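First, the structure itself, so that you have it in front of you.
The values are calculated or read from the model by the stated rules, or taken from the named source; none is laboratory data. Just so it is clear, the structure is predicted and the values come from calculations on it, not from any experiment. Neighbour counts run over all protein chains shown; Cβ positions are idealised from the backbone, glycine included. Accessible surface is based on the protein model in full, side chains and every heavy atom, while ligands, DNA and RNA are left aside. Shrake-Rupley method; radii C 1.70, N 1.55, O 1.52, S 1.80 Å.
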Protein chains: 2
Amino acid sequence: MKRMIDNRRFVLILTVLTVFWVATSFSLIGGQETSQPVAESELTVAGAESALVDSTEPVDANQGHNETSGEVDDGAGHGSKEVSEVLLGLIVILLAAKVGGDLVERINQPAVLGELMIGMIIGNLYLVGIDIFEPFKHSATLEVLAELGVIILLFEVGLESTIGEMLKVGMVSFAVATFGVVVPFFLGWGVGLWFLPNESTYVHVFIGATLTATSVGITARVLQDIGKSKIREAKIILGAAVIDDIMGLIILAVVSAIIAAANAGGSLDSGAILFIVFKAVGFVVAALFLGKALSPVIFKIGSKLHGKGVLLSLALLVCFTLSFLADLIGLAAIVGAFSAGLILESVHFKVFRERGEREVEELIAPIATFLVPIFFVRMGMLVKLETFVQVDILLFAGVMTIVAIIGKQACSLAVLQKGINRVAIGLGMVPRGEVGLIFAGIGAKLMLDGHPVVSDSTFSAIVIMVIVTTMVTPPFLKWSLLKGEKKAA
Amino acid sequence: MKRMIDNRRFVLILTVLTVFWVATSFSLIGGQETSQPVAESELTVAGAESALVDSTEPVDANQGHNETSGEVDDGAGHGSKEVSEVLLGLIVILLAAKVGGDLVERINQPAVLGELMIGMIIGNLYLVGIDIFEPFKHSATLEVLAELGVIILLFEVGLESTIGEMLKVGMVSFAVATFGVVVPFFLGWGVGLWFLPNESTYVHVFIGATLTATSVGITARVLQDIGKSKIREAKIILGAAVIDDIMGLIILAVVSAIIAAANAGGSLDSGAILFIVFKAVGFVVAALFLGKALSPVIFKIGSKLHGKGVLLSLALLVCFTLSFLADLIGLAAIVGAFSAGLILESVHFKVFRERGEREVEELIAPIATFLVPIFFVRMGMLVKLETFVQVDILLFAGVMTIVAIIGKQACSLAVLQKGINRVAIGLGMVPRGEVGLIFAGIGAKLMLDGHPVVSDSTFSAIVIMVIVTTMVTPPFLKWSLLKGEKKAA
């Protein structure tokens, strides 16, 4: 009975969204004289994502919506004006995030989807004439807060594992992770090549990179819900997920660095590319080793500091420092944040625990609650729903989704032992969730030949792919595991 | 023995600071050909505090240190550049705050002084040629984060009391608070008039307003340390402090609003001023009444939301909304934040507590640890140490400090009962701590006739006053209470 109700709500929400899409597309089509074919390179997310004003407009310091320009121009103490705009943005986003999260959690979907989708609604209300939310898309401060949010998120993800656990994960998990990274990468590259033939290879490669990540939180929750978090398949999946995270992040870092270098100085030879790979791997390895060695020292010294909030401040310092260093050498800041989380283990905090301080994860959680939704709601706001009504983009999204599912199903080929439910493992690795969105966001800001690597339409396709892979996994995974159980019995 | 060591360290730190001041002043004097007399209206904190560039410089979008202009100009995806600058700023500030806090806590002073003073050191290293910290003074994002920090701080302060407690505080506390607000206000006005005769009356009034606030956290800690937090004097002080906070904030709001209105449209008649007073008092009363009535409803609805982080998000929403509204009607955002804290009581969170969520204060604490130090370290960075070597400013600071102490001592006159240690009560109300600094910061951003209400030199004087009143209170208060004890025995 309960499952029927869940499905009904699921269908209800899908229907509401479809109606919204249909209504919007009719108004758009009605408003256009001829349908313009999509020229990928023309649609950019850059205008909203990476600059305070569209890069094609001349810099006009008097532009009303650019509140920081207003501040520069006026010099009349408009710090409070900026703060009140940020306050309003935070109010809208926090409210939206909680409402959105609530709605989807009732249908057993992760809150991130709710935050994303409600952001999509808010960000596209201009299509029906409601413009009040537009300034939030361009706020530089909200963008920085969103970036801090994603750094904190990856830090939290890293905190959940330790280096030791990672090394002990076993060959099966390692193989599953590797297959789950390599196959989607090349399939994604292929899809990019197929649908965006006019774009540079780098773009295709980036799309491939975007398909490598798994957001295992979703899978973990499903396993927990059906009480199967201790079975062998679960352990393999969860072990693979950590390796998968590192691999995906390294690939992202390498691809981003290559694109950035290409952007700065023309094409790269294999020597340069190899150097970048070396840099990325080297950073992660160095961070992990040095961090592991230095952490106990840092926390020992830190424990001698008087005052409250020392533990949290130390943890944030490690996180921010590694994020800054990663960004400094050309990798994505999130690689540093994730490494920082991996390095920190509860053994370091023993002194603080004895003092009565809470665990780092508990201390970080409120900051995450505050900052992380900003990223996903904002990302939803930057999705342009007009792109959803173009058939070629829907096709792109559809193929990408299928490829995303098949690509991770390839993981199951890595499992050679008998008696293990391979299909379940493959399904468990499918959801792209937060990490896919983060990759998309980075791609929307990376510039290549004057326009972003991930255009508006590609961005929309990725968002659709993320939503679908995330939504279909729980029911199918449950079915697969419970069916397997029946088979065994 | 212990007391001797504390004093020795106290003297040591004072000596280090004095040596630093002397060294700096010699280098400054050595560098100048003639000593310029201080023209108050020329020195402004505006350049750093309220605008991204000095308001006297033409807007140049290519200015290197103005990273947001750089972003506008380039449009080449420099969102990550801004984030890395903010990351660096956060790293420096968090580290400085913890080190500074540690050093002063070892001499039993509150961490806020350490954060302030280490900020003063960092922000003035350019005097000895070290320029690397300069960009942080101009970062718009760090400024917004600092503002959010002070909003969270006042929210926390408000959370510590409830409206009920406030109403029950008793006539003695109310009288003590009233004396402790009225007397310093007029004395401060007088000092402003004496030392800044060329400035507008509004400036004098603002200085008066700055002297009204008490930072009772310092006193509370002293009382706790010597085990006297339950005696009658303690109850009177702590009760008075809450009323004092509200009164001080209302006065600040009124004075700021008056200045803002005067800035916009010339001078005001008493009708306009009365309207502003009415607006301020009305806002607080309305917020408290409506808030008290609506809160249970809001949290009841909120408790129906699924997902994690709902309690914290709701609390933040109440805080941000009231802050935004306060700012919207022309009062300081912190008035809204404080009111929000007063409104929220643990009875509202019963449902969440039963669910296993932590108390709001505990959830807010990590966010405060992260954001609040940004405000005080940054404020210290904006203090210009050059002003400390000018005799007239030191005189101004000295008189202001004496007036600050005497003004609050007047509180003791409000105590008519016999057998109560009046001097202790007067001393307990003396520390200006965080709230004095917050007022100074607001004054540095409020513009009047094209320059800030609180100039660089006035800012320095206030900082000195805050540091001295905060540092001298604990020893004297202890002496007074323990002497009183001996007398009674």
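Of everything in the stretch B:290-310, what is within 14 Å of chain A (Cβ to nearest Cβ) and not hydroxyl-bearing (Ser, Thr, Tyr)? Give them in sequence order.
Listed by number, the residues that qualify are B:Ile298, B:Phe299, B:Ile301, B:Gly302, B:Lys304, B:Leu305, B:His306, B:Gly307, B:Lys308, B:Gly309, B:Val310.
For A:Gly419, are the conditions met, namely being under 30 Å from A:Gly330 (Cβ atoms), out of contact with any strand residue (DSSP E or B) (no Cβ under 6 Å at 6 or more places or on another chain) and free of Cβ contacts under 8 Å to residues at least 40 places away in the same chain?
no
Next up: Within the stretch A:337-363, track down each residue that is in contact with a Leu (Cβ under 6 Å, 6 or more places away or on another chain) and open to solvent by 30 Å² or more (accessible area, probe 1.4 Å).
A:Glu357, A:Glu361
B:Leu317 - would you say it is in contact with an Asp or Glu (Cβ under 7 Å, 6 or more places away or on another chain), within 14 Å of chain A (Cβ to nearest Cβ) and open to solvent by 10 Å² or more (accessible area, probe 1.4 Å)?
The answer is no for B:Leu317.
Do we find a residue being of a type outside the set (Val, Ile, Thr), part of a helix (DSSP H, G or I), crowded, with 24+ Cβ neighbours inside 10 Å and under 18 Å from the mean Cα position of the chain (by Cα) anywhere in the stretch A:449-458?
Yes - at least one qualifying residue is present in the stretch A:449-458.
Being under 17 Å from B:Val372 (Cα atoms), in a helix (DSSP H, G or I) and among the hydroxyl-bearing types (Ser, Thr, Tyr), is that true of even one residue in the stretch B:134-149?
Yes; the residues of the stretch B:134-149 include at least one that is under 17 Å from B:Val372 (Cα atoms), in a helix (DSSP H, G or I) and among the hydroxyl-bearing types (Ser, Thr, Tyr).
Quick one: in the stretch B:364-393, of everything that is β-branched (Val, Ile, Thr) and surrounded by fewer than 22 Cβ atoms within 10 Å (Cβ to Cβ), which residue is nearest to the other protein chains (Cβ to nearest Cβ)?
Looking at the filtered set, the residue picked out is B:Val389.
Restricting attention to the stretch A:150-178, and to residues there that are surrounded by fewer than 20 Cβ atoms within 10 Å (Cβ to Cβ) and assigned to a loop (DSSP other than H, G, I, E, B), which single residue is nearest to the other protein chains (Cβ to nearest Cβ)?
A:Glu160
Follow-up. Could you please give the count of residues in the stretch B:297-312 that are in contact (Cβ under 8 Å) with a residue 12 or more places away in the chain and outside any helix (DSSP H, G or I)?
Residues flagged as in contact (Cβ under 8 Å) with a residue 12 or more places away in the chain and outside any helix (DSSP H, G or I) within the stretch B:297-312 amount to 0.
Continuing with the same structure: Can you say whether B:Gly436 is touching a helix residue (DSSP H, G or I) at 6+ places or on another chain (Cβ under 9 Å) and closer than 26 Å to B:Ile151 by Cβ, as far as the supplied structure shows? Talk me through it step by step, then tell me what you get.
Working: touching a helix residue (DSSP H, G or I) at 6+ places or on another chain (Cβ under 9 Å): yes; closer than 26 Å to B:Ile151 by Cβ: yes.
Answer is yes for this residue.
In addition: If you check B:Glu105, B:Glu165, B:Glu134, which single one turns out to be among the acidic types (Asp, Glu) and under 22 Å from the mean Cα position of the chain (by Cα)?
The conditions single out B:Glu105.
Let me ask you something else. Would you check if A:Phe283 is of a type in the set (Phe, Trp, Tyr), closer than 21 Å to A:Ile438 by Cβ and assigned to a helix (DSSP H, G or I)?
Taking the combined requirement at face value, the residue satisfies it.
If you don't mind, there's one more thing I want to ask. Scan the stretch A:424-476 residue by residue and report those that are of a type in the set (Asp, Glu) and in contact with a Gly (Cβ under 8 Å, 6 or more places away or on another chain).
Correct list: A:Glu434 only.
Sort out which residues of the stretch B:80-133 are open to solvent by 40 Å² or more (accessible area, probe 1.4 Å) and either under 30 Å from A:Ile442 (Cβ atoms) or within 7 Å of another protein chain (Cβ to nearest Cβ) (or both), and write them in order of number.
B:Ser80, B:Lys81, B:Glu85, B:Leu88, B:Leu95, B:Glu105, B:Arg106, B:Ile132
What's the number of the condition A:Phe396 fails, among (1) without any contact (Cβ under 8 Å) to a residue 40 or more places away in the chain; (2) aromatic (Phe, Trp, Tyr); (3) more than 14 Å from chain B (Cβ to nearest Cβ)?
Going through (1) without any contact (Cβ under 8 Å) to a residue 40 or more places away in the chain; (2) aromatic (Phe, Trp, Tyr); (3) more than 14 Å from chain B (Cβ to nearest Cβ) one by one, A:Phe396 breaks only (1).
In the stretch A:273-297, which residues are loosely packed, with under 15 Cβ neighbours inside 10 Å and in contact with a helix residue (DSSP H, G or I) (Cβ under 8 Å, 6 or more places away or on another chain)?
A:Val281, A:Pro296
From the list A:Gly248, A:Gly217, pick out the single residue that is of a type outside the set (A, V, I, L, M), farther than 16 Å from A:Gly407 by Cα and under 20 Å from the mean Cα position of the chain (by Cα).
Just a single option satisfies the conditions, and that option is A:Gly217.
To continue, here is another question. What is the one condition in (1) of a type in the set (S, T, N, Q); (2) surrounded by fewer than 24 Cβ atoms within 10 Å (Cβ to Cβ); (3) within 18 Å of the chain's Cα centre (by Cα) that A:Ser270 does not satisfy?
The failed condition is (3).
Matching residues to (1) without any contact (Cβ under 8 Å) to a residue 60 or more places away in the chain; (2) charged (D, E, K, R):
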| site | (1), (2) |
| --- | --- |
| A:Met117 | no, no |
| A:Ile122 | no, no |
| A:Tyr126 | yes, no |
| A:Gly129 | yes, no |
| A:Glu143 | no, yes |
| A:Val150 | no, no |
| A:Ser161 | no, no |
| A:Val172 | no, no |
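Working carefully through the options B:Ile334, B:Ile237, find the one that is in contact with a helix residue (DSSP H, G or I) (Cβ under 7 Å, 6 or more places away or on another chain), open to solvent by less than 20 Å² (accessible area, probe 1.4 Å), among the hydrophobic types (A, V, I, L, M, F, W, C) and within 11 Å of chain A (Cβ to nearest Cβ).
On the way: B:Ile237 fails: within 11 Å of chain A (Cβ to nearest Cβ).
Exactly one residue qualifies, and that residue is B:Ile334.
Among the residues of the stretch A:195-225, which ones are among the hydroxyl-bearing types (Ser, Thr, Tyr) and over 17 Å from A:Val430 (Cβ atoms)? Before the answer, list the steps.
Here is the first cut: in the stretch A:195-225, the residues among the hydroxyl-bearing types (Ser, Thr, Tyr) are A:200-202, A:210, A:212, A:214-215, A:219.
Once the filter is applied, which keeps residues that are among the hydroxyl-bearing types (Ser, Thr, Tyr) and over 17 Å from A:Val430 (Cβ atoms), the stretch A:195-225 yields A:Ser200, A:Thr201, A:Tyr202.
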